[in-house]
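J.: My questions will all concern the structure given below.
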Amino acid sequence: MAEKAVDLPEECWELIIKLLDHPSHFNSLSLVCKQFLSITNRLLLSLKLSDPTVQALLPRLLQRFRRIKQIELTGFQGDMNSILHKIAQSGLNLESLNVSKQSTLPVVGLRALGSKMMDLKSLNCSKMRCFGDSDLNVIAESFPGLEELDISYHADDSTIGSKPISDLGIFSLSLKLKSLRKINLSGNSFITDKSLVFLSTNCLLLSQVVLHFCNFISLNGISKLIHGCSHLNSISVYGIENPSVNAAFKVPFLSSKALWAIALSDSDISDEFLYAVAEARFPLKKLTLSRCANYSFSGISVLLNEYQSLEYLNLEAAYFLRDKDIAELSRFLHSINHINLSHCYGLTCITFYTLIKNCLVLDKLEMEATSIGEENIETDFKASHGIKSLNLANCSLGNNFITSFASICPKLELLNLSKCKGITEEGIVEVLKRCSEIRQLEVNHIQGMTDSFLHLEFELPKLKVLSLMFSGIDDDALAMIGKRCCRLLKLDLAGCLSLTSKGVKEVVENCKELKEINLKWCNKFSADIVPWMVFSRPSLKKIVPPSRLVLTERQRSLFLRHGCVVYDGGAFE
């Protein structure tokens, strides 16, 4: 007699279901029994609405999912004011709302929402076609308890009367949002250092600021922001063109005790700036100087000597760096777990092995577009290093080198070899054999990949993401991928011109958990390939169809009702 299953308390089932890695798994569970339906309804905390046809169903959705905390309406094409009014009447207690990519701010709907939902903490109003100071006033008056605000990258369309955000608008906002902790001002090219002074003076809890493409922001303004915000822990800046600093620059830096992340990209900085950061002795854990100019080895050496507890370092496109410089700097990188040296053209295999040897907790290494692999170096490293992510794209690698790093780093989970020269199918197979933990593999723009997968004689059950763009793979190789990599979640086949419906059908049939597939620029498919995939593989959520296949809005709506978004063509979001 079979033993009767023991009923678990609902709290136990809830804990078990929470372990699922994505809410999409709730769909099938909700059909098992009423108990699972009730539990999954409670556990769904976020809702994304993109299709205007769901507007009529929204009240029922909000009534079903009573614990929704986050709603995303990015690019929603329906009546925004109407839908926000329905959300306001739902009785939910939202914490986060995204209304980005609209023509104008839905003022009426936001005011209705603000009158009902006093606990809204996060609001994203980025990428509006028309947005100005008056919209900032609406936001501040409707949600005075707001803690996170994104008002980045507005189009400022003068044809519809758009006036860009000004220092005066930021001043008014800062007076009303006393609880503000995070703000993204990127793309607001008319604000100046005055806005940073207003924020640091009035928003005393401010902890994170993002300032990309703000043309009139200077290092002196950043200095004043750091001085005025004792809680500031992260600042990200892109595109500073004036590296000069005034005499008072260093003094304010000394007062900040919370700053743990500084990110400067595509900016003109100086050794003087790096010396000032070193002298400030922040509790710095993350430093980005990506594609920055006008600093030297002297400046970065002094800074890293002071911050030997750094965990993340990005020196992308530091063209002056050579292998001997990295050997010197590695003495200070005891705590580094992620380093990005991409586009440092003067670095070779010597740097790779130096970092492997000296940075014992290194977890992720990026050396894209360097001179790594251009010369063979004998090494006696043992297979013991814990690197899990390696990006060597766009390098001249040979089979000897890639099998060497595969032996040294057998715990690799993410590997990018896209656009690499000198690699053959034997090398790829050897890497996959030695690195059995790989979850994500990118080998885009490498011709001759077909034979690599035809010779796979072992399973890759942990491989979840495979990108083969413009790799020349054919139907036979794709069929083998379906057999050997049956747990795939995402497959990118854009530009694989030899593929036909036959190969795609085999991989879709075998990969029963597949969620996303990209077939852009693959034009040898029959017209029924998209509906066949949608109805044959219920797990599919995103499809980029072949470019020549034109789908009607009615077809897209039908596929969406089956849980799958079919794009016009292009890369995944």
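The values are calculated or read from the model by the stated rules, or taken from the named source; none is laboratory data. Predicted model, so just to flag it, every value in this text is computed and none were measured. Neighbour counts are summed over all protein chains in view; Cβ atoms, including those assigned to glycine, are modelled from backbone coordinates with ideal geometry. With ligands, DNA and RNA removed, areas are computed over all heavy atoms of the protein, side chains included. Shrake-Rupley method; radii C 1.70, N 1.55, O 1.52, S 1.80 Å.
J.: For the chain, what is the relative contact order in percent, using Cα pairs closer than 8 Å and at least 6 residues apart in sequence?
T.: Worked out over the chain, it gives 4 percent.
J.: Next question, about the same structure. With the radius of gyration and the Kirkwood radius both derived from the Cα set of segment 309-444, what is their ratio Rg to Rh?
T.: That ratio equals 0.93.
J.: Ignoring everything except DSSP H segments at least 4 long, calculate the 222 nm mean residue ellipticity for the chain; use -39,500 (n - 2.57) per segment, divide by total residues, nearest 500.
T.: -9500 deg cm²/dmol
J.: If you don't mind, there's one more thing I want to ask. Name the shape class, rounded, prolate or oblate, that the alpha-carbon gyration tensor gives for segment 309-377, where a ≥ b ≥ c are the square roots of its eigenvalues, rounded holds for a/c under 1.5, and otherwise prolate holds if a/b is larger than b/c and oblate otherwise.
T.: Prolate, since a/c reaches 1.5 and a/b exceeds b/c.
J.: When all C-alpha to C-alpha distances in segment 164-217 are sorted into bins of 5 Å, what percent of pairs does each bin hold, rounded to whole numbers?
T.: 4, 23, 35, 27, 10, 1
J.: Here's another thing I want to ask about it. If you plug each phi of segment 182-199 into the Karplus form 6.51 cos²θ - 1.76 cosθ + 1.60 with θ = phi - 60°, what whole-Hz ³J(HN,Hα) values come out, in order, with x for Gly and Pro?
T.: Here the 3J(HN,Hα) series is 9, 9, 10, 10, 4, x, 8, 7, 9, 7, 10, 4, 4, 4, 5, 5, 4, 5 Hz.
J.: Still on this structure: Using 22 Å as the Cα-Cα cut-off, could you pick out the over-long pairs in 388/462; 86/178; 357/490?
T.: In this structure, 86/178; 357/490 exceed 22 Å between Cα atoms.
J.: Same structure again: Quick one: grab the alpha carbon gyration tensor of segment 120-221, order the square roots of its eigenvalues as a ≥ b ≥ c, and give me rounded if a/c is under 1.5, else prolate or oblate depending on whether a/b is larger than b/c.
T.: oblate
J.: Hey, could you get me the Stokes-Einstein D for segment 260-386, Kirkwood radius over alpha-carbon pairs, 37 °C and 0.692 mPa s, rounded to whole µm² s⁻¹?
T.: 223 µm²/s
J.: How high is the relative contact order of segment 58-107, in percent, with contacts defined as C-alpha pairs under 8 Å that are six or more residues apart?
T.: For segment 58-107, the relative contact order is 51 percent.
J.: Sticking with this structure for a sec: Where Rh is the Kirkwood radius over the Cα pairs of segment 399-529, the temperature 25 °C and the viscosity 0.890 mPa s, what D in µm²/s does Stokes-Einstein return?
T.: Estimated via Stokes-Einstein, D reaches 169 µm²/s.
J.: Quick check: at a probe of 1.4 Å, how many percent of the accessible area of the chain sits on carbon and sulfur atoms?
T.: Taking all protein chains in place, the chain shows 53 percent carbon and sulfur surface.
J.: Using amide H atoms built 1.01 Å from N in the peptide plane, name the residues 5+ places from residue 238, or on other chains, whose amide H lies under 5 Å from its own.
T.: Long-range HN contacts for residue 238: 211, 212, 213, 214, 265.
J.: What is the packing order of peptides 273-286, 190-203, taking the mean over residues of other C-beta atoms within 10 Å and listing the highest first?
T.: Averaged packing, sorted descending, gives the order 190-203, 273-286.
J.: Projecting each Cα onto the charge dipole of segment 102-173 (Lys/Arg +1, Asp/Glu -1 at the beta carbon, about the Cα centre), which of 173, 112, 130 comes out farthest on the positive side?
T.: So the residue furthest toward the plus end is 112.
J.: Now for a different question. Give me the compactness ratio for segment 505-573, meaning the Cα radius of gyration over 2.2 N^0.38 Å.
T.: 0.99
J.: Please list the non-local residues whose amide H lies under 5 Å from the amide H of residue 547, H modeled 1.01 Å from N, same-chain partners needing a gap of 5 or more.
T.: 521, 522
J.: How large is the Kirkwood hydrodynamic radius of segment 458-573, in angstrom, based on all distinct alpha carbon pairs?
T.: 13.8 Å
J.: Moving on. Dipole of segment 37-80, Cα-centred, from +1 at each Lys and Arg C-beta and -1 at each Asp and Glu C-beta, to the nearest 20 debye?
T.: 360 debye
J.: What is the dipole size for the chain, taken about its Cα centre, with +1 at each Lys and Arg Cβ and -1 at each Asp and Glu Cβ, in debye to the nearest 20?
T.: 1840 debye
J.: Could you list which residues have their amide H under 5 Å from that of residue 192, counting only those 5 or more apart in sequence or on another chain, with H placed in the peptide plane?
T.: Correct list: 167.
J.: Can you run the Rg to Rh ratio on segment 265-329? Use alpha carbon positions and the Kirkwood inverse-distance Rh.
T.: So for segment 265-329, dividing Rg by the Kirkwood Rh gives 0.92.
J.: Under a Cβ-Cβ cut-off of 12 Å, what is the net charge of the residues other than residue 468 that fall near it, where Lys and Arg count +1 and Asp and Glu count -1?
T.: -2
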